[in-house]
Amino acid sequence: MQFLAITLKRCGLGLGLLLAVLVLNFLLMHLAPGDVADTIAQDAGGLDAEVMAQIRKDYGLDLPLWEQMLKYFYNVAQLDLGYSFYYNQPVTTLILEKLPATLLLIISAQVVSILVGVVLGVIAARKPNGIASHFVTILSLVGYAAPVFWTGIMLIILFASMIPLFPIGNMVDVSVERTGFAYMIDVLHHLVLPMLTLASIFIALYSRLARASMLDVLGSDYVRTAQAKGLSEFQVVFKHALRNALLPVVTTAGLVFSGIVSGAVLVETVFSWPGLGTLAVQAIVARDTPTILGILFFSSLVVVVANLLTDMVYRIIDPRIKTAETSEI
Amino acid sequence: MGLTKQWVSAFGAVLLALSAVSVQAETPKHGGTLVVSIGTTPRHLNPAVQSGIATGEPGAQLFATLVRFDDKWNARPYLAKSWQTSADGLVVTFNLVEGATFHDGTPITSKDVAFSIKTIQTNHPFKSMFRAVSSVETPNPNTVVFKLSKPHPALMLALSSQLGSIIPEHIYGDGQDPKKHPRNSKDVVGSGPFKLVEFVRDQHIIMERNENFFIKGRPYLDKLVMRIIKDPSARSLGRENGEIHLSAFESTPQDILHSKNVPHLTATDQGYAAIGPITWLAFNTKKKPTSDKRVRQAIAYAVDRDFLVNAVMMGTSRPAYTGIHPDSIFHEPNVARYDLDIDKANAMLDEAGYARDADGMRFPLTIDFGWPSAKPMAEYMKPQLKKIGIDVTVRTSAGFPAWAKTVSTWDFDMTVDVVFNWGDPVIGVHRTYLCDNAKKGVIWSNTQQYCNPKVDAILTKAGQENDQQKRIALYSSAQKIIADDVPIYFTDTVPYHTIFNHTKVGNPPATIWGTCSPLDEVYLKN
């Protein structure tokens, strides 16, 4: 019963948060001077006055701000994200068209960074002052500090130009037609560099986390007991220690989801990856308000849901959090 | 003397003959896939209702026009095999190529031409292109008669490249708004050398050879792929590793210079004469103190154009002295150029009564810029104009729309700007100077609010002068007056370059419209 109440409360908070995100974004978008008519003029190389006035009228940009906002919210309440000014297409269609590419990039980067990060973290924790550990530390520092677009360009120069193993960008090689399995291989071939770029930041994060918590766990009594029992090193590290050491990594993985989404924006731009990030950048530059609001709404929805799920899952697997929350209520 | 001259001309003739031989040695080949990169995703692919180079590059491949232009500003037959203009210049008759069809097999008739012109008149952003056209008559399927309200020499350019696309009435005339027509991005049907296979936003535009193209034996390419890559360095690397055969509209000086060091690449600034992009410093002529002609002239004398071209643009651009591109037949090079002269600039400001204060400053001014590549020029103005006692504040905008708002509502002193000529001066040049085109809220109108009735009269006359020589003379005098009034100090051309792999690309586009003209003559070597 209490669990349900907390879940409902969380959902309510999530909804409120979404509304706040919408209002804030709407106002932010209109804070900057200029509108989509200017970008359309930019693309067209100039517009006549009558055409410009017509565009502003067509898109309701000549209405007072509060009226525009009410109209927009009325539509969103009916799950209609509106019509893109710039592309002349429903925003939902645009987003759904781009979503698979972004999901492919984000999920593969997440999986790879967790795997690689944890392995590196464990290696580093086994001999905290060894060469391997220092190497991992340096690698993670560089990976975390380097701007993701820079990492991307460096990878392109290295692996697409100097050693041309991978293409410089886009998602498929369009000069040759491919179907089925060959098409999948082609997409994976294009995925490698952008995925590694995006994963680089999170490899750094997870390896540091895994190293710290592994060090913590390795020093605890039950590990010493396991070692005293005469278990093999492998069993101690991977069966006993790692399981507990993974907890913070899992939590963080849920929390940094928003970070991955924003990182994807940069990676997609560098690699011409046709995902939501590319769409978002284009929409922001073009002042295509419905599209930007749609994407922001969508990504905040994803983040809110991801956090909600992490919260719930954690509540189930870790009894300590449950009691803390209950005593508060 | 005579002998030497003869020798020189004989030598020249030999050289010419030699070059003719070497050109002839390469016969175009059929087949292959040309991979071109483009930097932006077009809103859609129908140039009849959308101007701009993003739509123009693919648009000129998908849609044919009545005429096309060569590299010397001559109109050549395309969908129209011939044309006649009446003595008073008010009736222009076009005879269409027989047997030409759209990509779906429907014959192209004069009705489609009339429909296209009407659609362009109602929906295209450049109203000046066909404002003078009062009616388009279709006496028979192969004849189109343009009735004009006044002579309109810009007509031919307005009927070429991406500007005058002929669209099929049976598809775009179904009553839907042509600007939002679903067939603008999907199943596009034109009559150009290439047919649309697929357009995926932010990814690519794939086109294949139009087997039934009305020019027999063309195009040479089997397939034309335009890869959409926004990042200039990624495009540069793509050209280097051979993934991209050709990129047009490259304007980053570093990338252009870099490509000159890559053995298989050639960079040329040929092919931008019609687009005619010019970078300039615009003044608000209605706001003090830039409303004072002497102040504007003094600033012009203080700016070092050579420095901008050679240092800021690293020698990739060419100096511009007027608002008409140096590659245009209407360009007048002999105007007041305001070559660097700080002393003269200071003397002019002293004389105009703007004395220096205790800090050595005369007055403050702001300068705006709207895109990252304009920043160096804006920043250069600050230390440079300090030399003549002007305290410049560089104002950064939150992107293009914000800059456009500031400039188009006349809330500025000076701004860096780039404006395109768009072929004929009537289309892209007049708008900057005509008194009645100072329209608030409209970017690239006469945002300087410059008004000189004499210039107005000359431009209006030139816009209706069918005699090319007289027309050139009229524009020449207009450019001289404008240079003297300096509502704008012209700095240089935008360094647009076409960079291509010369081991692969034969007949790279070199007409005045460059890659915004049909690429039916381009072929792939081996």
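The values are calculated or read from the model by the stated rules, or taken from the named source; none is laboratory data. Note that this is a predicted model, so its numbers are computed, not measured. With ideal geometry, Cβ positions are generated from the backbone for all residues, glycine too; neighbour counts draw on all protein chains shown.
Quick one: which of A:Asp58, A:Asp43, A:Asp80 is more than 14 Å from every other protein chain (Cβ to nearest Cβ), surrounded by 13 or more Cβ atoms within 10 Å (Cβ to Cβ) and closer than 30 Å to B:Phe199 by Cα?
Values: A:Asp58 fails: more than 14 Å from every other protein chain (Cβ to nearest Cβ); A:Asp43 fails: more than 14 Å from every other protein chain (Cβ to nearest Cβ).
Going through A:Asp58, A:Asp43, A:Asp80 in turn, just one is more than 14 Å from every other protein chain (Cβ to nearest Cβ), surrounded by 13 or more Cβ atoms within 10 Å (Cβ to Cβ) and closer than 30 Å to B:Phe199 by Cα: A:Asp80.
Could you pull out the residue among A:Gly143, A:Gly117, A:Gly60 that is in contact with a Phe, Trp or Tyr (Cβ under 7 Å, 6 or more places away or on another chain), small (Gly, Ala, Ser) and either touching a residue at least 24 places away in the same chain (Cβ under 8 Å) or outside the structural domain of A:Ala241 (by TED's automatic domain parsing) (or both)? Before the answer, list the steps.
Values: A:Gly143 fails: in contact with a Phe, Trp or Tyr (Cβ under 7 Å, 6 or more places away or on another chain); A:Gly60 fails: in contact with a Phe, Trp or Tyr (Cβ under 7 Å, 6 or more places away or on another chain).
Just a single option satisfies the conditions, and that option is A:Gly117.
Is it the case that A:Val217 is in a helix (DSSP H, G or I) and at pLDDT 85 or above?
yes
Looking at region B:427-471 only, could you name the residues that are over 22 Å from B:Trp73 (Cα atoms), surrounded by fewer than 16 Cβ atoms within 10 Å (Cβ to Cβ) and either more than 12 Å from every other protein chain (Cβ to nearest Cβ) or touching a residue at least 40 places away in the same chain (Cβ under 8 Å) (or both)?
Correct list: B:Cys435, B:Pro453, B:Lys454, B:Ala457.
With respect to B:Trp422, is the statement that it is assigned to a loop (DSSP other than H, G, I, E, B), within 12 Å of chain A (Cβ to nearest Cβ) and surrounded by 19 or more Cβ atoms within 10 Å (Cβ to Cβ) true? I'd like the intermediate steps shown before the answer.
On the way: assigned to a loop (DSSP other than H, G, I, E, B): yes; within 12 Å of chain A (Cβ to nearest Cβ): yes; surrounded by 19 or more Cβ atoms within 10 Å (Cβ to Cβ): yes.
It is true that B:Trp422 is assigned to a loop (DSSP other than H, G, I, E, B), within 12 Å of chain A (Cβ to nearest Cβ) and surrounded by 19 or more Cβ atoms within 10 Å (Cβ to Cβ).
So if I check each of B:Ser134, B:Ser165, which one is small (Gly, Ala, Ser) and either more than 25 Å from B:Leu62 (Cα to Cα) or outside the structural domain of B:Thr65 (by TED's automatic domain parsing) (or both)? Break it down stepwise before answering.
Details: B:Ser165 fails: either more than 25 Å from B:Leu62 (Cα to Cα) or outside the structural domain of B:Thr65 (by TED's automatic domain parsing) (or both).
The conditions single out B:Ser134.
What number of residues within region B:355-398 are surrounded by fewer than 20 Cβ atoms within 10 Å (Cβ to Cβ) and either more than 26 Å from B:Asn446 (Cβ to Cβ) or not aliphatic (A, V, I, L, M) (or both)? So that I can check it myself, show each step before the final result.
The initial filter retains those residues of region B:355-398 that are surrounded by fewer than 20 Cβ atoms within 10 Å (Cβ to Cβ), namely B:355-361, B:363-364, B:366, B:371-376, B:379, B:382-384, B:386-387, B:391, B:393-396, B:398.
From what is left, the residues that are either more than 26 Å from B:Asn446 (Cβ to Cβ) or not aliphatic (A, V, I, L, M) (or both) are B:355-361, B:363-364, B:366, B:371-373, B:375-376, B:379, B:382-384, B:386-387, B:391, B:393, B:395-396.
Here the count works out to 25.
If A:Pro164 satisfies all but one of (1) of a type outside the set (Gly, Ala, Ser); (2) in contact with a His (Cβ under 9 Å, 6 or more places away or on another chain); (3) not in a helix (DSSP H, G or I), what's the number of the condition it fails?
Condition (2) is where A:Pro164 drops out.
Determine whether A:Met195 is over 30 Å from A:Ile138 (Cα atoms), at pLDDT 85 or above and crowded, with 18+ Cβ neighbours inside 10 Å. So that I can check it myself, show each step before the final result.
Values: over 30 Å from A:Ile138 (Cα atoms): no; at pLDDT 85 or above: yes; crowded, with 18+ Cβ neighbours inside 10 Å: yes.
Against the criterion (over 30 Å from A:Ile138 (Cα atoms), at pLDDT 85 or above and crowded, with 18+ Cβ neighbours inside 10 Å), A:Met195 does not qualify.
Within region B:137-154, can you find the residues that are more than 27 Å from the chain's Cα centre (by Cα) and either assigned to a loop (DSSP other than H, G, I, E, B) or polar (S, T, N, Q) (or both)?
B:Thr138, B:Asn140, B:Pro141, B:Asn142, B:Thr143
Just name the residue that is farthest from the other protein chains (Cβ to nearest Cβ) out of those in region B:184-216 that are without any contact (Cβ under 8 Å) to a residue 12 or more places away in the chain and part of a loop (DSSP other than H, G, I, E, B).
B:Lys216
Find all pairs meeting these conditions: Cβ atoms under 8 angstrom apart; at least six residues apart or on different chains; first residue within region B:113-141 and within 14 Å of chain A (Cβ to nearest Cβ) and free of Cβ contacts under 8 Å to residues at least 12 places away in the same chain; second residue part of a helix (DSSP H, G or I) and hydrophobic (A, V, I, L, M, F, W, C).
That search, which allows pairs on different chains as well, returns B:Lys127/A:Val51.
Looking only at region B:74-95, count every residue that is within 17 Å of B:Cys516 (Cβ to Cβ) and either in contact with a helix residue (DSSP H, G or I) (Cβ under 9 Å, 6 or more places away or on another chain) or β-branched (Val, Ile, Thr) (or both) and tell me the total.
2
Got a number for residues in region A:23-40 being in contact (Cβ under 8 Å) with a residue 60 or more places away in the chain and facing chain B (nearest Cβ under 7 Å)?
Qualifying residue count for the region: 5.
Out of (1) in the same structural domain as B:Pro47 (by TED's automatic domain parsing); (2) crowded, with 19+ Cβ neighbours inside 10 Å, what's the single condition that is false for B:Lys216?
(2)
Pick from B:Ile275, B:Ile229: which is buried (at least 23 other Cβ atoms within 10 Å of the Cβ), over 29 Å from B:Gly323 (Cα atoms), of a type in the set (Val, Ile, Thr) and within 11 Å of chain A (Cβ to nearest Cβ)?
Working: B:Ile275 fails: over 29 Å from B:Gly323 (Cα atoms).
Going through B:Ile275, B:Ile229 in turn, the sole match is B:Ile229.
Just give me the residues in region A:165-191 being of a type in the set (D, E, K, R) and more than 19 Å from B:Arg239 (Cβ to Cβ), in sequence order. Explain how you work it out, then say what you get.
Here is the first cut: in region A:165-191, the ones of a type in the set (D, E, K, R) are A:173, A:177-178, A:186.
A:Glu177, A:Arg178, A:Asp186 - these are the residues of region A:165-191 that are of a type in the set (D, E, K, R) and more than 19 Å from B:Arg239 (Cβ to Cβ).
Specify the residue that is nearest to A:Leu215 (Cα to Cα); the eligible residues are those in region A:246-303 that are within 14 Å of chain B (Cβ to nearest Cβ) and hydroxyl-bearing (Ser, Thr, Tyr). So that I can check it myself, show each step before the final result.
Our first condition is that a residue be within 14 Å of chain B (Cβ to nearest Cβ); within region A:246-303, this holds for A:264-289, A:291-292, A:295.
Checking which are hydroxyl-bearing (Ser, Thr, Tyr) leaves us with A:269, A:272, A:278, A:289, A:291.
Working: A:Thr269: 38, A:Ser272: 40, A:Thr278: 40, A:Thr289: 49, A:Thr291: 46 Å.
Looking at the filtered set, the residue picked out is A:Thr269.
Based on what the data block shows, is A:Phe257 within 30 Å of B:Gly399 (Cα to Cα), touching a residue at least 40 places away in the same chain (Cβ under 8 Å) and out of contact with any Gly (no Cβ under 7 Å at 6 or more places or on another chain)? Full working, then the answer.
Values: within 30 Å of B:Gly399 (Cα to Cα): yes; touching a residue at least 40 places away in the same chain (Cβ under 8 Å): yes; out of contact with any Gly (no Cβ under 7 Å at 6 or more places or on another chain): yes.
Yes; evaluated as a whole, the condition is true for this residue.
Pull out all pairs, ordered by first then second residue, where Cβ-Cβ is under 6 Å, the residues are six or more apart or on different chains, the first lies in region B:349-365 and is without any contact (Cβ under 8 Å) to a residue 24 or more places away in the chain, and the second is surrounded by fewer than 17 Cβ atoms within 10 Å (Cβ to Cβ).
none
Could you list, ordered by first residue, the pairs with Cβ atoms under 6 Å in which the first is in region B:285-310 and at pLDDT 95 or above and the second is assigned to a loop (DSSP other than H, G, I, E, B) and of a type in the set (D, E, K, R), at least 6 apart or interchain?
B:Thr290/B:Asp413; B:Tyr301/B:Asp341
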